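Here's the structure, in structure tokens; my notes come after.
The values are calculated or read from the model by the stated rules, or taken from the named source; none is laboratory data. Being a predicted model, the structure only gives us computed values, none of them experimental. In this analysis, Cβ positions are derived from the backbone assuming ideal geometry, glycine residues included, and neighbour counts consider all displayed protein chains.
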């Protein structure tokens, strides 16, 4: 992958929070512990993991909504095909950061909470354009209408309020708002988890169409691997703040190497009773370890069915690219 | 004899926006020892059905009407509030979706778990405690002795759901109703809980009604499935039958559109057009008609009735299209 | 979007739109007829014609109500048309729901009616008696209808303490002043108290709470500790202290105003000896400066105004707490995070996103502070610390009347009517507050 094809490079991102523990002292919650990945132009990277793995925190850290400790998140502002122009989002000062926000936007999980209930749909979609002073008032109105059509909403409803729309339609409003500034990267934070099952594929379809039409790159965050696999080109699996495996989506399903990925895949139900009855489930024992404890050894070693005593409990495995485009952090697969 | 038999149940609510037909003519037949799944999206009426059976729906604003609601041969509607209360938690138990809100945050789990025993079985505290410890071990809570005095917030999500199950099982009910018990949990924890439920069913022979919107979970867990849409049952079949040959367009479309792990990443998404129904303004004919690919003119005006097909597979649809070839098995 | 079709077995039918305001007016008319009936009963020399008129009014109410009930309501068979393209904001939604709450709408109607009467009386009184606010103006005894019933300063010693009659609907007080006019005038003052004090507490409270809540951190901490400290102070004592001081200033000023004017006239004319003699006679030699200050204060600052401000300063604390709580929870909502991602600055977020979403609970709390404020004012007036003659408020009227009553002289009308007016107002405000709380309850529609 040449540098020019990449649109986002994240290296060694760490996010720590100081929290007060029950005894009254304070301890460090290591939400994200050294995450690195690359996002190619026009592709979707899926970020998968269970609750507490740090995927949402990673997204928020990239967007500077939470402070990060170390690491870089470099965004390529150049047009595709032109020489790269990288800026580190985590180091930008206030004005530059605001300007760069036009290139990287976010879609949220809860379609009910992510829209201001007291603003009309037109105002919500127009707001980014107003903030960055794009075009005259009538230009903006026209742009809002065309955005609404693009996401599949009837522009006649421009004066309606969010509570008058269904969940799927509200999510479309959120997508239109994210598209308003014509960004290069859109971070989708669980965009279909809160929607009814029958309309999830509508929204996923829309996202895919927009990607093809506009050349967008997505970071698709979800806990449902079935959804992530279908929309992503590559999938990164996270566990307790680190990426444990990263590979193209078909590879992740057909050839998962990390024991956690294998357990995760075996736990996901498939709507096919024959397959279900024949599956060998890897059922993990116990719960997720606390993210505040010191990291000694592999985080997964406490629950791993294939743990190597001594090695796995003593050293932290690094994320190494093992085969073609398949990275893994596990001592079982050291090349 | 069926353990639970419901015939033509209707639950309507008068609201500011009109009459909401939450449940509109639902009939269930649950045999003892089986796992029955009720699958539907939000607004399909699956939760309200169960609340009605248990008598938990307040009658203003609700209006309940049924031909029969029989549990172990007894008509639940003819029971007084006192008698219903004796049943709940004792012979019929329920596990809810959100363990955070269904456990009392102010009571220790010891208090909450021994409560059903003290009320229904008349045991004293020591006997109850013994039983509770045994049950906690059975549901897989490590070191239950030390955790008896803990409060719900001191448990993780998965552990809390196990405590809920222990509470449901404490009086050895013959019927266990689970309302989306794993929806709020992570996938690996969900697998643990489902394994636990399977084990419990095998060991105690409990009948389970499992309500969910996740077809995958239903495929792996249930023996037979009722599919609900807009307050009506649109299809009912044994699980294998249902997934192999769905006869109702809604079931077929749902199976096609749900993203599945075993599909190729590059496949196009199949969508169901339209949006979930507005329960205050249902169409005059079939409620699925606005979104159905196979709708004919009859579907707009006539409401289809539940008809049985071969192999105990019934569906509620007016069309004659053979959907056999449409779904990949 | 589907056009929903009503099925025909829906038992709830929608009322035709034009009926709703008509029904409201009928309800209001019923209510007023009862109140007027109560008021008419004590008037001993009421001519028969008045009772006949009232009876007619009552009968009309009755027949209209019966007619409305028996009139057939047209069931809605036609398909419900697509909703208007103009959406309904949450506010409009809330107003609609409020309108459906009949008790709240009725209370609002009653309140508005009372305010019209009170402010109307002030206007009429000012019109017929232009220098009504000057305590020294010579009042000619006029006998016009308006003057008798609406001039609250019209003195007539011969008519003092007369019970309710056709001449004075609510009776008269010790100076022959019409209680009806005084009650309405007192209403003006009471409503003004409510308004000013509430606005003061709103402005200070909401700003304080919003800034504190949004900024967070140490600023929030210290700002709220300040509020906590103030909470601990006994407010009644403070207000009583302030008002006693104000009263003291007023008394000093009124006692010595003429003397000081005399003194200054002498000085201006150069007659220093006479000036000093004036001072010596009135024992003002040492504290002339203080007295002059008191006079200046009294001239320029109305004690009523001070009372308004004092009450307002006391009630902003809870408003600040409520606002801060709302802002804290609003800060966490996802649409605020979304606003940050699209590049909105802090100012934009506070004024365009947070404040519009605050208004619900703030409005509700405001309708609940107004009764508290009115009662505080009436309590102060009762103690004699509030407003002074010839101005009056319901509280001062009640207190003055209370002092006059004893077993021999049961002048109940001095107390009853102002109290009734206050009771009606507070009652209505309570129902409106309840209704607003229900209507603005942010339950999502679906």
Which residue out of B:76, B:70, B:28, B:9 is crowded, with 22+ Cβ neighbours inside 10 Å and in contact with a strand residue (DSSP E or B) (Cβ under 6 Å, 6 or more places away or on another chain)?
B:9
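Condition check ((1) within 11 Å of chain C (Cβ to nearest Cβ); (2) part of a loop (DSSP other than H, G, I, E, B); (3) surrounded by fewer than 17 Cβ atoms within 10 Å (Cβ to Cβ); (4) at pLDDT 90 or above) across all residues:
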{"position": "A:124", "(1), (2), (3), (4)": "yes, no, no, yes"}
{"position": "A:128", "(1), (2), (3), (4)": "yes, no, no, yes"}
{"position": "A:135", "(1), (2), (3), (4)": "no, yes, yes, no"}
{"position": "A:147", "(1), (2), (3), (4)": "no, no, no, yes"}
{"position": "A:152", "(1), (2), (3), (4)": "no, yes, yes, yes"}
{"position": "A:156", "(1), (2), (3), (4)": "yes, no, yes, no"}
{"position": "A:177", "(1), (2), (3), (4)": "yes, no, no, yes"}
{"position": "A:198", "(1), (2), (3), (4)": "no, no, no, no"}
Considering only residues that are over 15 Å from residue B:234 (Cβ atoms) and within 10 Å of chain C (Cβ to nearest Cβ), which ones fall in the stretch B:280-314?
B:280, B:281, B:284, B:300
Which count do you get for residues in the stretch B:1-26 that are within 14 Å of chain C (Cβ to nearest Cβ) and under 15 Å from residue B:68 (Cβ atoms)?
2
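Residues checked against (1) within 20 Å of the chain's Cα centre (by Cα); (2) within 14 Å of chain A (Cβ to nearest Cβ):
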position	(1), (2)
C:339	no, yes
C:347	no, yes
C:352	no, yes
C:357	no, yes
C:363	yes, yes
C:366	yes, no
C:376	yes, no
Those residues of the stretch B:148-165 that are without any contact (Cβ under 8 Å) to a residue 60 or more places away in the chain, within 13 Å of chain A (Cβ to nearest Cβ) and either closer than 22 Å to residue B:198 by Cβ or buried (at least 18 other Cβ atoms within 10 Å of the Cβ) (or both) come to a total of 6
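Check the stretch C:246-267 and report whether any residue there is under 30 Å from residue C:358 (Cβ atoms) and either assigned to a helix (DSSP H, G or I) or in contact with a helix residue (DSSP H, G or I) (Cβ under 6 Å, 6 or more places away or on another chain) (or both).
No: the stretch C:246-267 contains no residue that is under 30 Å from residue C:358 (Cβ atoms) and either assigned to a helix (DSSP H, G or I) or in contact with a helix residue (DSSP H, G or I) (Cβ under 6 Å, 6 or more places away or on another chain) (or both).
Search the stretch A:67-85 for residues being farther than 21 Å from residue A:44 by Cβ and touching a strand residue (DSSP E or B) at 6+ places or on another chain (Cβ under 8 Å), and hand back the single one that is nearest to the other protein chains (Cβ to nearest Cβ). Explain how you work it out, then say what you get.
Step one: of the stretch A:67-85, the residues farther than 21 Å from residue A:44 by Cβ are A:67-72, A:82-83, A:85.
After this cut, where a residue has to be touching a strand residue (DSSP E or B) at 6+ places or on another chain (Cβ under 8 Å) as well, the list is A:67-72, A:85.
Numbers: A:67: 13, A:68: 16, A:69: 20, A:70: 23, A:71: 19, A:72: 20, A:85: 20 Å.
If we take residues in the stretch A:67-85 being farther than 21 Å from residue A:44 by Cβ and touching a strand residue (DSSP E or B) at 6+ places or on another chain (Cβ under 8 Å), then A:67 is nearest to the other protein chains (Cβ to nearest Cβ).
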All positions within the stretch B:195-218 that are in a helix (DSSP H, G or I) and within 30 Å of residue B:285 (Cβ to Cβ)
B:215, B:218
Being more than 8 Å from every other protein chain (Cβ to nearest Cβ) and within 24 Å of residue B:231 (Cα to Cα) is the filter; apply it to the stretch B:248-272 and report the residue that is surrounded by the fewest Cβ atoms within 10 Å (Cβ to Cβ).
B:256
Which residue is nearest to the other protein chains (Cβ to nearest Cβ), if the candidates are limited to the stretch A:200-253 and must be closer than 15 Å to residue A:42 by Cβ and part of a strand (DSSP E or B)?
A:248
Do we find a residue being assigned to a helix (DSSP H, G or I), in contact (Cβ under 8 Å) with a residue 40 or more places away in the chain and in contact with a strand residue (DSSP E or B) (Cβ under 8 Å, 6 or more places away or on another chain) anywhere in the stretch B:169-178?
yes
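Take the conditions buried (at least 20 other Cβ atoms within 10 Å of the Cβ), away from chain A (no Cβ under 14 Å) and in a helix (DSSP H, G or I) and apply them to residue C:310. Does it pass?
yes
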Within the stretch B:215-230, the count of residues that are under 13 Å from the mean Cα position of the chain (by Cα) and either buried (at least 23 other Cβ atoms within 10 Å of the Cβ) or free of Cβ contacts under 8 Å to residues at least 24 places away in the same chain (or both) comes to 9
